[in-house]
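The values are calculated or read from the model by the stated rules, or taken from the named source; none is laboratory data. All of these numbers come straight from a predicted model, not from anything done at the bench. Neighbour counts are summed over all protein chains in view; Cβ atoms, including those assigned to glycine, are modelled from backbone coordinates with ideal geometry. These area figures cover heavy atoms from the full protein model, side chains too; ligands, DNA and RNA do not enter into them. Shrake-Rupley method; radii C 1.70, N 1.55, O 1.52, S 1.80 Å.
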Amino acid sequence: MSLIGGIRPPIAILSVLLLSLAGITALTLGKAENVLIPKAVLTSQQHFAEDGAVALRASLDESVTDLTRTALLFSEGKPVSADAVLDKTSSVYQKWSGTAVIEIKSGKLLAARGETVPLTVIDRTKLSGEDGLAPRLVRLRNGQTRLLALALLSWEGRPQQLLIASSNLKVPGVRLGSGRAIGVVDSTGTILSSDGALDAEGAQHQLKTFATTAAKKARQNPLSAKEPGSGGYAGVSGALTGGATGDRRTVGGYASLAAAQPGDSTVATGLGLSVVTQVGVTERASQLARPAFGLAAAGALLAIGGLAIALLLGTVQRPLIRLFLESRRLTRGDLARPVTVPRFGEAARIGRALERLRRQLSEEDRPDDTAPAARGGRRLGTRALVAVCAALLLTWSVPLTLLLNRPDSSVHIPAQVVSDQEARTATISDRVRRALNEGHADLSAVAALIGGRTSAHDMTAVLERTIEEHPRYESVYVLGPDGEVLARAGHKPHHATGERPSDQSLEVSGHGGKKPVIRATAPLQGQAGAAVVGEFDIDFVNALLRRPGLGELRVVDSKGQVIAGNSGYRAFQKMPGHLTPLVDGKAIRAEVQRGDEVRVEAVAPMLGGGAAKTLDWSVVSWQPASRLEIPAYTLQNRTVLVGMLGLTAAAACLGWLHIVVVRPLRALADQAEALADGDRRTVLFPRHHDEVGAVVRSLELIRQQLQGQQRGRDGARSLAGRN
């Protein structure tokens, strides 16, 4: 017999699968496990640390890029004093804690702004080396750490100067909320900067412990540090669990600074920094599973599965094997005993046909070609028996898949998860605001340095370099006072001919179109009415919203119209109605919306200064609670998984049985009845080497024997006629 065909393998494998599934059900749904801190809370801490790492990496990279680009723009223009350089730089960018310009040859300090820049750590003799101008971390006397960015100022006929900017390492724009602390850690586990709730007893010690652990884990390769197929954050990240005081336990997250794309590197990622967060949460016992339910479900599967297997063995397998043996007996010439005829289905039809063939072989009966013998009833076939088995297994699988262990609208959502949804939404909102402000600041720097007498060719060169260094823009161009485009780079501008530069720093147009046009305008110095205009790439804004663990995010304007989102949306469509009351408050908040679907929702208006303040935008996020890894939904997911496994096992094995046994058996029944009715011309070919194929081979031998009998009778009649 074939190893994969026949009646035995499908039924045997189905039996093994049902037994295994019963064990899985008992262990999965019946294991008592008290969850004090839901996994959703720990995962949220990991994502919070990742948000901080993303914000810090973007801030440091932007700081270094802006300083280098500013120095290059100054170097390409006419020589200016060091004070003018710092004044213009400070008026455009307010990101550096201190700036300074020194003469490289003599080391003389030419100008300084803000806090004192530690110039003594700079070795001027090594600036011409390969990494001479690379940013570096510097420890100040007060214990704080600064990032020093360096850039050259070069004019023909003048000594080279060094533009230096000092940046702190605080994570920008992260809303900590109450009870949370955050720190920036170097590769040795030393905390370089910290912020938040560190006054509580043991808080600083716990943060240091987390920092040491994070530094060790950050040394791993990001690919090997993740579970296969997990994807997500490009760096090393995870959750941490600390000590407990009473019913409060400290949990945290860590994330190494990583580029936006796996495998890429930036200035910030080469510093070996990581971000660590911690917060105290209340431990709440929550029973994840009920032993009685798991044992009852497993017992029900054993009973139902046993009944289905017994039905298949008694009504399909055993009758087919009996037919195989009976057909073999007839081919050997053992015609004395009547054929044992099964009671159901195609097996009964084949058994009756074999009995008629036995009688024909023993010449007790002869077929009448003109009047075939009446066939038995076909009220219950093998296909119906298999369908009954499928229905039995469905009575166990379907309730688990669709009905049982379903949380209602009163399901408990951990308060920390709601708080994190609010804080992370506010962080994303601030990140979008800062990105727009940075974009406007870049244009202001270009406008301050181009001047009114710059040629169109030189303008184009500056604009092309700007759009190459900053992919946030889709198009950058210079508009004259009459609305004429004097120079441009990137895509064709969405600018109406003759439209004068706007007096708004940031504005949105494109209503009624396929996508919003976010336009930043910076007046051009030295030419009244002219301006440098940049149109943001909407995909750049959408990419800022793509953070895991927050669900759906939308940037909406004051009218509730969607400007950007992290998933499919229509430009300027109205925000979903269930979010309208949340946004009307004009404040950062989050809540749990209960109803047919339990959702965690949050809104964060763009607070703070800068050009983006005039937009009056908000970031809204929402996600179904069923996506959260909390006990009630974890139990539901496990229940659905067990039910789906039952459906899969039933569909696979019974479908296999239908293909290799039921369908060939129905064809065999027709062939056997035709042979018994007198069809001696149709040659019977076995298609499979299994029980059904063996019966077909036996019928072919019987057909040949009947043909021999018929030729013998015809020869005897011919001899009698000649005599």
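Data overview
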quantity	calculated
Relative contact order, percent, the chain [alpha-carbon distance under 8 Å, six or more residues apart]	17 percent
Net charge contributed by nearby residues that have their C-beta within less than 11 Å of ARG500 (K/R +1, D/E -1)	-4
Values of log10 I(q)/I(0), in the order q = 0.17, 0.30, 0.33, 0.34 Å⁻¹, for region 567-608 under a Debye, Cα-only, solvent-free model	-0.57, -1.12, -1.15, -1.16
Kirkwood Rh and Cα Rg combined as Rg/Rh, region 92-217	1.07
Accessible-area value, THR213, 1.4 Å probe, nucleic acids and ligands omitted, Å²	50 Å²
Solvent-accessible area per residue, Å², over the chain with all protein chains present [probe radius 1.4 Å]	47 Å²
Unit charges on C-beta of K, R, D, E only; dipole of region 48-183, Debye	400 debye
Set of aspartates and glutamates near LYS559 by C-alpha distance (under 12 Å), chain-local residues within fewer than 8 positions excluded	ASP584, ASP616
Ellipticity estimate at 222 nm from DSSP helix runs (n ≥ 4, -39,500 (n - 2.57)) divided over the chain, nearest 500	-14000 deg cm²/dmol
Separation in nanometres of the label points that stand 7 Å from Cα toward Cβ, at THR614 and SER20	6.6 nm
Equivalent ellipsoid, region 382-527 (semi-axes from 5 times Cα gyration tensor eigenvalues, Å)	59, 22, 14
Cα-centred dipole magnitude for the chain, charges only on beta-carbon of K, R (+1) and D, E (-1), debye, nearest 20	3180 debye
Region 615-670: translational diffusion in µm²/s, Stokes-Einstein, Kirkwood Rh over Cα pairs, 20 °C, 1.002 mPa s	137 µm²/s
Extension gain from VAL80 to HIS578, taking 0.36 nm per residue of separation minus the Cα-Cα distance	173.6 nm
Cross-link pairs LYS78/LYS105; LYS95/LYS574; LYS39/LYS515; LYS95/LYS216 - those with Cα-Cα distance over 28 Å	LYS95/LYS574; LYS39/LYS515; LYS95/LYS216
Accessible area of ARG146 in the full protein assembly, 1.4 Å probe (Å², nearest 10)	20 Å²
Solvent-accessible area, 1.4 Å probe, carbon plus sulfur percent, for the chain	53 percent
Equivalent-ellipsoid semi-axes of region 537-646, from the Cα gyration tensor, Å, largest first	31, 16, 12
Computed FRET value (nearest 0.05) for THR125 with LYS39, which takes r as the C-beta separation and R₀ as 56 Å	0.55
All-pairs Cα distance distribution in region 458-559, expressed in whole percent, bin size 5 Å	2, 12, 21, 23, 18, 11, 7, 4, 2, 1
Cα gyration tensor, region 1-127 - rounded (a/c under 1.5), prolate or oblate	prolate
Bins of 10 Å, starting at 0 and running to the largest distance - Cα pair percent for the chain	3, 12, 15, 16, 13, 9, 8, 8, 7, 5, 3, 1, 0, 0, 0
DSSP H segments from the chain that extend 27 Å or more along their own axis, Cα-based, with Kyte-Doolittle mean of 1.6 or above	8-30, 291-312, 382-402
